[in-house]
Amino acid sequence: MFITRSRRVAAATIASLALVGLAACGGSDSDEPADDKKSSAAAPAPEPTEETSAAPAASGNQPAWAKPALEGGEKISTVKAGDITVDIYQVGTTKATRTGQFVDPDTNKPLLDKGDDIVFVNYVITNNGQPVDLGSSLVSVEPRYKDWKYLQGMDAVVDDALFEQQKVNKEGIVTGAYNEKGIYPFGAGESYTYGENFKYQKNSPITFKVTITPVDAEGELVHDKRVEGEGDGTIK
């Protein structure tokens, strides 16, 4: 159920930062960097902790570089991008423990404030085709409510404890599996999981966009082989 739709864009200059649509919110009490939330799909890879030419090959139905799979919640959507399938589950809701990273350019108030209700979703990502080498971003998933009016993606709370409580992996790569070249083999029939949170809007239609850009033997992105998929669901 792939769709195309136009989005209304908001642009503003907040403080001294030039951002399109939104500006960073200075009120966060997070100890983590403001850009820790992925863009996309998985959180940006930290500096390699060990030097290897590529992540180890897989054994079983999960890549060796992946965190142990966590599954739970109610399925709300499935998106196909080429041979890769992303099953999306609504896991649970809780309260934001800190302020998000962005503000509304019209009101200068945080889009996500401490104490707001947030919802966690989990992505179960499966390769139904031939093996493919992924880069550090792995498979990127971007959620947007249908009424989301900003160019910037939806804000999130960066709090490891909340991810643990909700039993959702914050990123897909296990500590120690990061490598210098940024090559992560994703074998046929293998799966891994990660998830995220955003402001809870009950009974709201939502779209999930999936993007996959493989890498070559040197870890360089192969843009000609980029594939995308998009699907709808409803946050209940």
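The values are calculated or read from the model by the stated rules, or taken from the named source; none is laboratory data. These numbers come from a predicted model, not from an experiment. With ideal geometry, Cβ positions are generated from the backbone for all residues, glycine too; neighbour counts draw on all protein chains shown. With ligands, DNA and RNA removed, areas are computed over all heavy atoms of the protein, side chains included. Shrake-Rupley method; radii C 1.70, N 1.55, O 1.52, S 1.80 Å.
General observations
- Residues of the range 177-236 that are closer than 30 Å to Glu74 by Cβ, aliphatic (A, V, I, L, M), open to solvent by 10 Å² or more (accessible area, probe 1.4 Å) and outside any loop (DSSP other than H, G, I, E, B): Val227 alone.
- Top-ranked residue in the range 90-133 [being open to solvent by 10 Å² or more (accessible area, probe 1.4 Å) and among the hydroxyl-bearing types (Ser, Thr, Tyr); ranked as farthest from Lys225 (Cα to Cα)]: Thr107
- Of the strands (runs of 3 or more DSSP E) that lie entirely inside the range 79-146, those containing 1 or more residues that are without any contact (Cβ under 8 Å) to a residue 24 or more places away in the chain and not polar (S, T, N, Q) span 84-95.
- Complete set of residues in the range 56-72 that are part of a strand (DSSP E or B), over 16 Å from the mean Cα position of the chain (by Cα) and at pLDDT 95 or above: Gln62
- Among the conditions (1) open to solvent by 40 Å² or more (accessible area, probe 1.4 Å); (2) within 18 Å of Gly231 (Cα to Cα), the only one that Asp87 does not satisfy is (1).
- Yes/no for Gly172 being in contact (Cβ under 8 Å) with a residue 24 or more places away in the chain, within 17 Å of Ile125 (Cβ to Cβ), of a type outside the set (Val, Ile, Thr) and open to solvent by less than 20 Å² (accessible area, probe 1.4 Å): yes
- Of all the criteria given as (1) at pLDDT below 95; (2) of a type outside the set (D, E, K, R); (3) out of contact with any strand residue (DSSP E or B) (no Cβ under 7 Å at 6 or more places or on another chain), the one not satisfied by Ala161 is (1).
- All positions within the range 143-168 that are over 22 Å from Gly231 (Cα atoms) and either open to solvent by 40 Å² or more (accessible area, probe 1.4 Å) or within 15 Å of the chain's Cα centre (by Cα) (or both): Val157, Val158, Asp159, Asp160, Ala161, Phe163, Glu164, Gln165, Lys167
- Residue within the range 148-162 that is under 20 Å from Asp117 (Cα atoms), in contact with a Lys or Arg (Cβ under 6 Å, 6 or more places away or on another chain) and charged (D, E, K, R) present: yes
- Only one entry in Asp104, Asp147 is touching a Leu at 6+ places or on another chain (Cβ under 7 Å) and not hydroxyl-bearing (Ser, Thr, Tyr), namely Asp104.
- Where Lys75 falls short, out of the listed (1) assigned to a loop (DSSP other than H, G, I, E, B); (2) within 30 Å of Glu190 (Cβ to Cβ); (3) among the basic types (Lys, Arg): (1)
- Flag for Thr213 being touching a Gly at 6+ places or on another chain (Cβ under 8 Å) and farther than 26 Å from Ala96 by Cβ: yes
- Residue in the range 99-115 that is at pLDDT 95 or above, over 19 Å from the mean Cα position of the chain (by Cα) and closer than 27 Å to Lys75 by Cβ present: no
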